[in-house]
Amino acid sequence: MKLLPDAAQRECLLSTMRTFNAACDWLAERAVELDVFTHFKLQSACYKSIRSLFGLSAQATCLVCAKVADAYAISKTQRTFKPTGAIIYDLRLLSWNLDKSLVSIWALPKRTSIPFVCREKQIELLSYPRGQSDLIYRDGQFFLHVTIDIPDVEEKAVMDLIGVDLGVACIAFDSDGNSYSGKQISKVRHRNKALREKLQKKGTKSAKRLLRKRRRKERRFAADFNHVISKRIVTLAQRTERGIALEELDGIRDRIRAKKDQRYRLHSWSFAQLGSFITYKAKRCGVPLVFVDPKHTSQQCNRCLHTERANRRSRDLFVCKACGHEEYADGNGAKNIRLKGLDLLGSADVIPPNAEVISCAK
């Protein structure tokens, strides 16, 4: 959510950020000197010093120790913190007045109430706060990233699944024959790639600033695109009372060998983000979700189950060597994913894709 501080509150938040991160820098140096890197040991050794040197509250001091300990969790090399880096907050340091759209937030020298804006859906989700929140300063504006914990929705009983085949040219294709094209996002990425190469050659300070701006814009565009696709897939499953079957694609970039001119498309493929969006949206709606082994889903015929590499005539065309079945390749793959998902759900027999009623015991 976006905060709307006035001029005085803005300076107050910036001053708090600088002080908090200065304390983190000081503690990071002490951690290396003392060879102490865990949260509670740092807090025991430096708690009083941080409070006296930087004037932080008791809980804010504990969160400084937590942030530094997290930074050292991966590596024990010297850590530094940006002056306007994110500040950690917990429920002791901020509270909400949802009726007035105000957040009461700890700052230096005193706690202050700041207006915020967000959509109605975010307002509803604030009923489930959990753990820590982050105060972010980006592009001259303040945002609060709030962690929530939504109660689990009971998974609904289903009679069928929607198989979803994820790809590069076609972002997603489901077993109902619905295609979610990636032409728009590919066009934007190739345009940004050409602009990025031009700016990298220029190498000026303003060019680097524009590069950062374009990177964030492209990331937001891709995330929005994936949100739209995932919502459509989950809504279709919810409306038709079916579950969703997806491919388990962990480590696919390490397994696939691509030509040099294809590597950019492969490594800009945000299938992991799309899969995560489908996963959390399905959980919130109570839609069952299964992940299947993608092995041979593009080579197997969904009619006779004959598997052969030669079945895949081209990227778009699948023709079975055994039964002669011809189909769009991504559609065939989606139906195979559906069948594998039904097997995981416990179906006794292989059921044809056009079956009207399917019995699955979970």
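Where a number appears in this text, it was derived from the coordinates with a stated rule and is not lab data. What you see is a predicted model, and the numbers here were worked out from it, not measured in a lab. Reconstructed Cβ throughout: ideal geometry from the backbone, glycine too, with neighbour counts over all protein chains shown.
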When you count, for each residue, the other Cβ atoms within 10 Å and take the mean per peptide, how do 32-38, 16-22 rank with the highest first?
-> 16-22, 32-38
Extending each Cα 7 Å along its Cβ direction at S127 and N178, get the distance between those two points in nm, one decimal.
-> 2.8
Protection proxy ranking, peptides 45-51, 61-67, 194-200, average beta carbon neighbours within 10 Å, highest first | 61-67, 45-51, 194-200
Nearest-0.05 FRET efficiency for H190 and S15, computed from C-beta distance (R0 41 Å) = 0.40
Measuring from the lowest to the highest alpha carbon on each principal axis, how far does the range 149-222 reach, largest first, in angstroms?
-> 59, 34, 12
Write down the Å³ per residue value for the convex hull defined by the alpha carbon atoms of the range 2-148.
-> 111
In deg cm²/dmol and to the nearest 500, what is the mean residue ellipticity at 222 nm of the chain if only DSSP H runs of at least 4 residues count, each as -39500 (n - 2.57), divided by the residue total?
-> -15000 deg cm²/dmol
Percent relative contact order of the chain, based on C-alpha pairs within less than 8 angstrom and at least six residues apart?
-> 15
Stretched out fully, how many nm does the piece from A157 to V117 gain, at 0.36 nm a residue minus the Cα gap?
-> 10.6 nm
Cα-based Rg then Dmax for the range 161-345, in Å, read 18.4, 62
Under Karplus coefficients 6.51, -1.76 and 1.60, residue-wise ³J(HN,Hα) of the range 152-164 in Hz, glycine/proline x | 5, 9, 4, 5, 7, 6, 10, 9, 7, 10, 9, x, 10
Going residue by residue through the range 43-49, the Karplus relation 6.51 cos²θ - 1.76 cosθ + 1.60 with θ = phi - 60° gives ³J(HN,Hα) values, rounded to whole Hz and with x marking Gly or Pro, of 5, 5, 7, 10, 4, 5, 5
Mind ranking 126-136, 208-218 by how tightly packed they are, going by the mean number of other C-beta atoms within 10 angstrom, highest first?
-> 126-136, 208-218
Karplus 3J(HN,Hα) series, Hz, for the range 3-16 with 6.51 cos²θ - 1.76 cosθ + 1.60 (x for Gly, Pro) = 8, 10, x, 7, 4, 5, 5, 4, 5, 5, 5, 5, 4, 5
Mind putting a number on the dipole of the chain about its Cα centre? Charges go on the C-beta only, +1 for Lys and Arg and -1 for Asp and Glu, and I need it in Debye to the nearest 20.
-> 2320
Can you tell me the Rg and Dmax of the range 39-92, counting just the alpha carbons, in angstroms?
-> 11.3, 31
Longest to shortest principal axis, alpha-carbon extents of the range 6-60, angstrom = 42, 18, 16
